[in-house]
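Notes for the one structure printed next.
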Ligand SMILES: *Cc1c(COP(=O)(O)O)cnc(C)c1O
């Protein structure tokens, strides 16, 4: 059966160049980077090369990069690791309503343990207002955590402006950039970011590896104690093959960014316009044009269930998502769509396609050919749609 993968915001395939390089560090250059012998030294050298590659993609220095087991751990380290020392200054934290669960749940955990949390709402496109954030700042605000680009609807937040605000008020600023890395230019200095989360498997690197950028001078208390790796901030023998693969993926992403963005934007607009032309009662979720990630398509298709759509698409080999991969499986509608003001019923009929470097126009044509048929079939079973048809006929 033909298979079309349109779920790159959940994860991406590992680039073959990355996989080949990683294999060397599993089977030949397998030394522990802490060892003093030549095996250790060659692993250590490659590890530091990877640190350079990650740093370069976000315009940081290699000393400011801490490798972690992924985006989730980096988000946890950024938040839990800084509030510990900032506690003396205050207990107020600001985040947004559309954050990834790795940030939201961590902030909510702190809110249950002596901290105070303000969750900033978004507008109907999933965008934050800098003014709303300014108003939420208090004298005891110690940390703000805001994502660069949203994983569900692709909204790109005004990070540089928020960073300026944070700097003016002396507030530590964390940004989850897992979805924007390799898709949008990132400069931690221009954006005034103190802590920035990135992950390997969303950029054609391996799963289970990520990093936290920590600006020089910002203190983070470790979550994992042990042998003192990563300058004592994240103990545990480094996942050298993973980290080296992640570094390579960053290098490739930097080289390909403009080309990938051009390609994906073209496919994105073809898919959005095609759906709007072929299917009635469809709402596009998220911003348009420049404020949307080049690879994100999110639509609410009325009178159908998102889960049914997903299953029907899957039977035709088309892989999409009905929200974030972590929450699919539960029947709660996406917190992001609800925060954008969508009612439950419409949020339930939503579908995310996230495009990647290897997708082709022909694959989009296949989806545009199949999706209307699926929707038509599912709508025929919907009593609500039946009513709509009757009203239409009566007019
Ligand atoms: C995927 C993702 C994460 C989690 O990263 P993992 O490496 O899968 O733990 C965090 N934030 C965002 C925005 C993501 O899309």
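Values in this text are rule-based calculations from the coordinates and carry no lab data. In this text, all values refer to a predicted model and were calculated from it rather than measured experimentally. Every residue, glycine as well, gets a Cβ built from its backbone with ideal geometry; the counts of neighbours run over all protein chains shown.
For region 150-216, report the % of Cα-Cα distances exceeding 15 Å.
53
Which three semi-axes in whole Å describe the equivalent ellipsoid of region 31-135, each the square root of 5 times a Cα gyration tensor eigenvalue, listed largest first?
36, 17, 12
Do the sum for the chain: with -39,500 (n - 2.57) for every DSSP H run of n ≥ 4, divided by all residues, what is the mean residue ellipticity at 222 nm, to the nearest 500 deg cm²/dmol?
For the chain, the value works out to -13500 deg cm²/dmol.
Over the chain, with a Gaussian network built from C-alpha contacts below 10 Å, which listed residue (251, 53, 277) shows the highest mean-square fluctuation?
Looking only at 251, 53, 277, the biggest GNM fluctuation is shown by 277.
Ranking request for peptides 385-392, 129-136: highest mean number of other beta-carbon atoms within 10 Å first, then the rest in descending order.
129-136, 385-392
What is the extension gain from residue 345 to residue 101, computed as 0.36 nm multiplied by their sequence separation minus the C-alpha to C-alpha distance, in nm to one decimal?
85.6 nm
Any chance you could run the full-extension gain for residue 290 through residue 89? It's 0.36 nm times the residue separation minus the Cα-Cα distance, nm to one decimal. Don't skip to the end; give the middle numbers.
Numbers: separation 201, 0.36 × 201 = 72.36 nm, distance 3.77 nm.
Difference between extended and current length: 68.6 nm.
Please find, in a Gaussian network model of the chain (springs between Cα atoms separated by less than 10 Å), the residue of 382, 180, 235 whose mean-square fluctuation is greatest.
In the Gaussian network model the winner is 382.
Distances longer than 23 Å among the Cα atoms of region 223-365: what percent of all pairs is that?
Result for the distance tail: 49 percent.
Within 10 Å of each residue's Cβ, count the other Cβ atoms and sort 315, 1 from fewest upward.
1, 315
For residue 388, put the label point 7 Å out on the Cα→Cβ axis and report which residues of region 295-313 keep their amide N under 13 Å from it.
300-306
Can you quote the Å³ per residue value for the convex hull of the Cα atoms in region 16-253, rounded to an integer?
110
Once both labels are modelled 7 Å past Cα along the beta-carbon direction, what's the residue 36-residue 380 spacing in nm?
For residue 36 paired with residue 380, the spin-label model returns 7.6 nm.
Using a Gaussian network model on the chain with a 10 Å cutoff between Cα atoms, which of 335, 169, 263 fluctuates the most?
169
Take every DSSP beta bridge with both residues inside region 16-253 and express the antiparallel ones as a percent of the total, to the nearest 5.
Restricted to region 16-253, the bridges split so that about 35 percent are antiparallel.
Using the Kirkwood radius over C-alpha pairs as Rh, can you work out the diffusion coefficient of region 1-89 via Stokes-Einstein at 4 °C, viscosity 1.567 mPa s, in µm² per second?
D = 80 µm²/s.
Pulled fully out, how much extra length does the chain show between residue 395 and residue 19, if you take 0.36 nm times their separation in residues and subtract their Cα-Cα distance? Intermediate results must be reported in sequence, preceding the final value.
Numbers: separation 376, 0.36 × 376 = 135.36 nm, distance 6.02 nm.
Fully extending the segment from residue 395 to residue 19 adds 129.3 nm.
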